[in-house]
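Asks: Got a structure here, written out as structure tokens. Questions coming.
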Amino acid sequence: MDPLKEPVPVMPTAHYAMGGIPTTLWGQVIKDEKNTVVPGLYAAGEAACVSLHGANRLGTNSLGDLVVFGRRAGIHAARFARDADYHELTEEHLGESRERIERIKNSTGKEKVAALRAELQQSMMDNASVFRTGELLQKQVEILKELMDRYKRISIDDKGDAYNTELVEALELGYLLEVSEALVHSALNRTESRGAHAREDYPERDDENWLKHTLAYKVEDGKVAFRYKPVVLGRFEPKARTY
Amino acid sequence: MQVTLKILRFDPAKDKKPRWETYQVEAEPTDRVLDLLHKVKWYQDGSLAFRRSCGHGICGSDAMLINGKNRLACKTLVKDLGSVITVEPIRGLPVEKDLIVDMEPFFAAYRAVKPYLINDEPPPQRERLQSPEERARFDQGTKCILCASCTTSCPVFWVNGTYIGPAAIVQAHRFIFDSRDRGKRERFKALGSGSGVWRCRTAYNCTEACPREIPVTQLIEEVKRAILFDSF
Amino acid sequence: MAIKSKRYQEARLEASTNLELYWWVFMRVSGVVLVFLLIGHMWMNAVLVDLNSIDYDYVAKRLSQTTWKVYDWLILALALLHGGNGLRYVLDDWVRDPAKRFWTKVVIYSLLAFLFFLGSLSLFNYDYGVN
Amino acid sequence: MYRGSEGQWAFYLHRISGIGILVFLVLHVLNIASAMWGPEVSNAFMKFYHQPVFQLGLLVLIAGVLYHGFNGLRIILMDFTTWGVRYQRQLWYGVWVLFVVFYLPFLVKIGGGILGGSHGD
């Protein structure tokens, strides 16, 4: 296109998702504030949170996630796989996942994945963006409850088993909703501003109360419980951003 | 504007052979073909299957045969195509469903040229240094995103499934001409066989199809000459 | 391609020798020579003379001279090798079934060998009654 | 049909003309070799091939040889020079220029023969 004749199209994109599944330095997933490892489960890249970046992550910083911690996770996972025995895999183990898939495939509900996802994206953009307030976040909590409820009534056209990308998108929407829940509740809970979390109603950083990681646990739809993990400070202490 | 989108579809569970399906889509001239496919999938027919990931021409997953040419759906604008757009899966690879093909033969060829640095010499104290000129020698090949646009536009690859294909040769070029690499003879083995680089008939479809504007044919010819001068 | 051939034919296609390189070079060298030989051949027999006047006597007179014997034999040999190898490329591309490909090649190579024998014989072993 | 441009058609034409020339070569060698069986057999063959339809075929063959030859030179330039690939399109048009220049004499001579009705006797 010629910028002299037409306006340049600009589209916002999600740059990076900070936070994620907490892991050790070897990519092993941990499940609580005591760093209890979930044996055999690994996370790496954008999904994981080794807490490499602090409360803000700068452009291309994720290279560290990939090159260093992706490699470490791979090495450790390979080592684990070599020494571990196979588990007995029964129908029972498959039950929950299979149920999830079958429920979506057999649903005759009227809700459509694409429409629901568009609503989720728009409302998250409006209410849980970089600058947020308690009021907006509370509003988003209610919206998410409603979306969660409608998600139970989604149905899909494609009932096939081969490359059912519609089913994949439907499953992914469920995960998006859950991640959104964790994000919104945590942001509402954290009454300070830190890094990329900018509460307009709490503009100051509060090290006394909030120098800690949030661990969010889903209790039920619309309900999230929190635990906290201490921040390991190395040579660098958090300082105010004054430039 | 209204766009007529014709898609060559195939569902292994129902169809014996591919069939054309036509959709009417409302589109902006600046929409990408990927946007149109999304509109169909999200609001008209959810069973349409295609691969895409980043949507920015980097991941290389949405190469398709659009209006008779291989292109990335995420980099092709409606205004450059007109109001009737045909979309088919890339050719020469088995179709799994609709626009999704089995990429395994493509990646088998990729693996055959050993697309990684080979150097058994003891590592130096610090980096293996390289001058800007030495780096520039193989720069074009590094732009490859393995989308298979080139290989599946090649008339030889369509009829001869064993041909290693332009993409693998570009990857070989990237290491053959790297001053730090010592593995060119190993790569020449894969490239010199009956299904290797000598199968290239310089039809230039690969060069024209490359969404990264790599001069594919030129790199292939450089590889041919490298093997030639190495043997005589 | 990783070793995945199931038959001898496929294995040979994947084997790493310089054979394909040599054929590739031969195609180019013989090609250049043939371009000049053939344009000359066609020019002499279709432009310089009336094509329709060509008969046994014309051929016999021409082929009684050693220069043209060698000239024509060179065309025969190079064209058969160049064309035969070109056809091999085509067959490798178009005939996918290894067994079918093998037998097609056997038939075609035999035919080309026979032509070479017949052509050489008619060029050198026969004096056409002109001395 | 894949919408390739010059290079793709150059390749297809090269392949088709190559196969065509090989087929002709077979007939041609058999025809000339017939001389070994004496003037009667040979002249009968030649007369058969002097029919206008074969003359037309010959024109097609000559076109094939000229294209295959000149495009072959183009391929060699692309293979052995650093600039050949960059100018492959221009080279292909050059092939056609050479083709026309060399084809015209054949066209006039043989085409004139067909129209003039001289069938060798």
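Asks: Among the listed residues A:114, A:73, identify the single one that is among the hydrophobic types (A, V, I, L, M, F, W, C) and assigned by TED's automatic domain parsing to the domain that holds residue A:155.
Replies: From the options A:114, A:73, the qualifying one is A:114.
Asks: Here are B:123, B:115: which of them is open to solvent by 10 Å² or more (accessible area, probe 1.4 Å) and at pLDDT 95 or above?
Replies: Working: B:123 fails: at pLDDT 95 or above.
Residue meeting the stated conditions: B:115.
Asks: So if I check each of A:85, A:126, A:161, which one is at pLDDT below 95 and within 14 Å of chain B (Cβ to nearest Cβ)?
Replies: Only one candidate passes the filter, namely A:161.
Asks: Go through (1) under 20 Å from residue A:33 (Cα atoms); (2) touching a Lys or Arg at 6+ places or on another chain (Cβ under 6 Å); (3) open to solvent by 60 Å² or more (accessible area, probe 1.4 Å) for residue A:163 and report which single condition fails.
Replies: Residue A:163 satisfies every listed condition except (1).
Asks: Within region B:1-25, restricting attention to residues that are touching a residue at least 60 places away in the same chain (Cβ under 8 Å) and of a type in the set (Lys, Arg), which residue is most open to solvent (accessible area, probe 1.4 Å)?
Replies: Per the criteria, the residue is B:6.
Asks: Give me the pairs: first residue in region B:26-37 and over 10 Å from residue B:75 (Cα atoms), second residue among the charged types (D, E, K, R) and at pLDDT below 95, beta-carbon distance under 7 Å, and six or more apart or on different chains, which are they?
Replies: B:29/B:79; B:30/B:79
Asks: Within region A:101-137, can you find the residues that are of a type in the set (Ser, Thr, Tyr) and exposed (fewer than 13 other Cβ atoms within 10 Å of the Cβ)?
Replies: Once the filter is applied, which keeps residues that are of a type in the set (Ser, Thr, Tyr) and exposed (fewer than 13 other Cβ atoms within 10 Å of the Cβ), region A:101-137 yields A:108, A:129.
Asks: Next question. Just to be sure before I move on: is residue A:212 open to solvent by 50 Å² or more (accessible area, probe 1.4 Å) and within 13 Å of chain B (Cβ to nearest Cβ) in the structure I sent?
Replies: It is false that residue A:212 is open to solvent by 50 Å² or more (accessible area, probe 1.4 Å) and within 13 Å of chain B (Cβ to nearest Cβ).
Asks: Quick one: residue D:26 ticks every box in (1) open to solvent by 50 Å² or more (accessible area, probe 1.4 Å); (2) more than 18 Å from residue C:28 (Cβ to Cβ) bar one, so which box is it?
Replies: (1)
Asks: Scan A:38, A:67, A:29, A:113 and give me the residue that is in contact with a Leu (Cβ under 6 Å, 6 or more places away or on another chain) and away from chain B (no Cβ under 14 Å).
Replies: Residue meeting the stated conditions: A:29.
Asks: Moving to a separate point now. Among the residues of region A:38-80, write down those that are at pLDDT below 85, of a type in the set (A, V, I, L, M) and open to solvent by 50 Å² or more (accessible area, probe 1.4 Å).
Replies: A:52, A:58
So that you can scan it fast, the table gives a plain yes or no per residue for (1) part of a helix (DSSP H, G or I); (2) of a type in the set (Gly, Ala, Ser); (3) over 22 Å from residue B:73 (Cα atoms); (4) at pLDDT below 95:
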residue: B:138; (1), (2), (3), (4): no, no, yes, no
residue: B:145; (1), (2), (3), (4): no, no, no, no
residue: B:152; (1), (2), (3), (4): yes, no, no, no
residue: B:156; (1), (2), (3), (4): yes, no, yes, no
residue: B:167; (1), (2), (3), (4): yes, yes, no, no
residue: B:173; (1), (2), (3), (4): yes, no, yes, no
residue: B:178; (1), (2), (3), (4): no, no, yes, no
residue: B:188; (1), (2), (3), (4): yes, no, yes, yes
residue: B:195; (1), (2), (3), (4): no, yes, yes, yes
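Asks: Find all pairs meeting these conditions: Cβ atoms under 6 angstrom apart; at least six residues apart or on different chains; first residue within region D:75-86 and farther than 13 Å from residue B:203 by Cα; second residue among the charged types (D, E, K, R) and modelled with pLDDT of 95 or more.
Replies: Filtered contacts from region D:75-86: D:76/C:28.
Asks: I've got another one for you. Conditions: (1) hydrophobic (A, V, I, L, M, F, W, C); (2) loosely packed, with under 15 Cβ neighbours inside 10 Å; (3) modelled with pLDDT of 90 or more; (4) more than 12 Å from the chain's Cα centre (by Cα). Residue C:124 meets all but one. Number of the miss?
Replies: (3)
Asks: Quick check on residue C:77: is it facing chain D (nearest Cβ under 7 Å) and free of Cβ contacts under 8 Å to residues at least 60 places away in the same chain?
Replies: Answer is no for this residue.
Asks: Return yes or no: is residue B:227 within 14 Å of chain D (Cβ to nearest Cβ), part of a helix (DSSP H, G or I) and buried (at least 22 other Cβ atoms within 10 Å of the Cβ)?
Replies: Answer is yes for this residue.
Asks: Among the listed residues D:69, D:64, identify the single one that is surrounded by 21 or more Cβ atoms within 10 Å (Cβ to Cβ) and within 11 Å of chain C (Cβ to nearest Cβ).
Replies: Residue meeting the stated conditions: D:69.
Asks: Show the residue pairs meeting these rules: Cβ distance below 6 Å; 6+ apart or different chains; first residue within region C:41-63 and on the phi < 0 side of the Ramachandran plot and more than 9 Å from every other protein chain (Cβ to nearest Cβ); second residue open to solvent by 30 Å² or more (accessible area, probe 1.4 Å) and in a helix (DSSP H, G or I).
Replies: From region C:41-63, the pairs are C:62/C:68.
Asks: A further question on this structure: For region A:14-35, which positions are over 19 Å from residue A:63 (Cα atoms), in a loop (DSSP other than H, G, I, E, B) and either open to solvent by less than 50 Å² (accessible area, probe 1.4 Å) or not assigned by TED's automatic domain parsing to the domain that holds residue A:71 (or both)?
Replies: Result: A:32, single match.
Asks: Give the residue that is farthest from residue B:224 (Cα to Cα), with candidates limited to residues of region D:72-121 that are open to solvent by less than 40 Å² (accessible area, probe 1.4 Å) and more than 12 Å from chain C (Cβ to nearest Cβ).
Replies: That would be D:94.
Asks: Can you give me the number of residues within region A:216-230 that are under 18 Å from residue A:176 (Cα atoms), open to solvent by 60 Å² or more (accessible area, probe 1.4 Å) and touching a residue at least 60 places away in the same chain (Cβ under 8 Å)?
Replies: 1
Asks: Step by step: first the residues of region B:199-212, then only those that are open to solvent by 10 Å² or more (accessible area, probe 1.4 Å) and in contact (Cβ under 8 Å) with a residue 60 or more places away in the chain, then the one that is farthest from the other protein chains (Cβ to nearest Cβ). Which residue is that?
Replies: B:212
Asks: Taking the criterion of being crowded, with 16+ Cβ neighbours inside 10 Å and either of a type in the set (Phe, Trp, Tyr) or over 19 Å from residue C:46 (Cα atoms) (or both), would at least one residue in region D:44-60 satisfy it?
Replies: Within region D:44-60 (the criterion being crowded, with 16+ Cβ neighbours inside 10 Å and either of a type in the set (Phe, Trp, Tyr) or over 19 Å from residue C:46 (Cα atoms) (or both)), the answer is yes, since at least one residue qualifies.
Asks: Does residue A:86 meet the test of being open to solvent by 100 Å² or more (accessible area, probe 1.4 Å) and aromatic (Phe, Trp, Tyr)?
Replies: So residue A:86 fits the description; yes.
Asks: Same structure, new question: Show the residue pairs that are 6+ apart or on different chains and have beta-carbon atoms under 6 Å apart, the first residue being within region D:1-13 and without any contact (Cβ under 8 Å) to a residue 24 or more places away in the chain, the second being surrounded by 14 or more Cβ atoms within 10 Å (Cβ to Cβ) and in a loop (DSSP other than H, G, I, E, B).
Replies: D:8/B:203; D:11/B:201; D:11/B:203
Asks: Looking at (1) open to solvent by less than 10 Å² (accessible area, probe 1.4 Å); (2) facing another protein chain (nearest Cβ under 9 Å); (3) under 29 Å from residue A:158 (Cβ atoms); (4) not in a loop (DSSP other than H, G, I, E, B), which one does residue B:96 not meet, given that it meets all the others?
Replies: (1)
The values are calculated or read from the model by the stated rules, or taken from the named source; none is laboratory data. Computed from a predicted model, the values in this text were never measured in an experiment. As a convention, Cβ positions derive from the backbone with ideal geometry for all residues, glycine included, and neighbour counts pool all protein chains shown. Ligands, DNA and RNA are stripped out before the accessible areas are found, and what is left, the full protein with its side chains, is counted by its heavy atoms. Shrake-Rupley method; radii C 1.70, N 1.55, O 1.52, S 1.80 Å.
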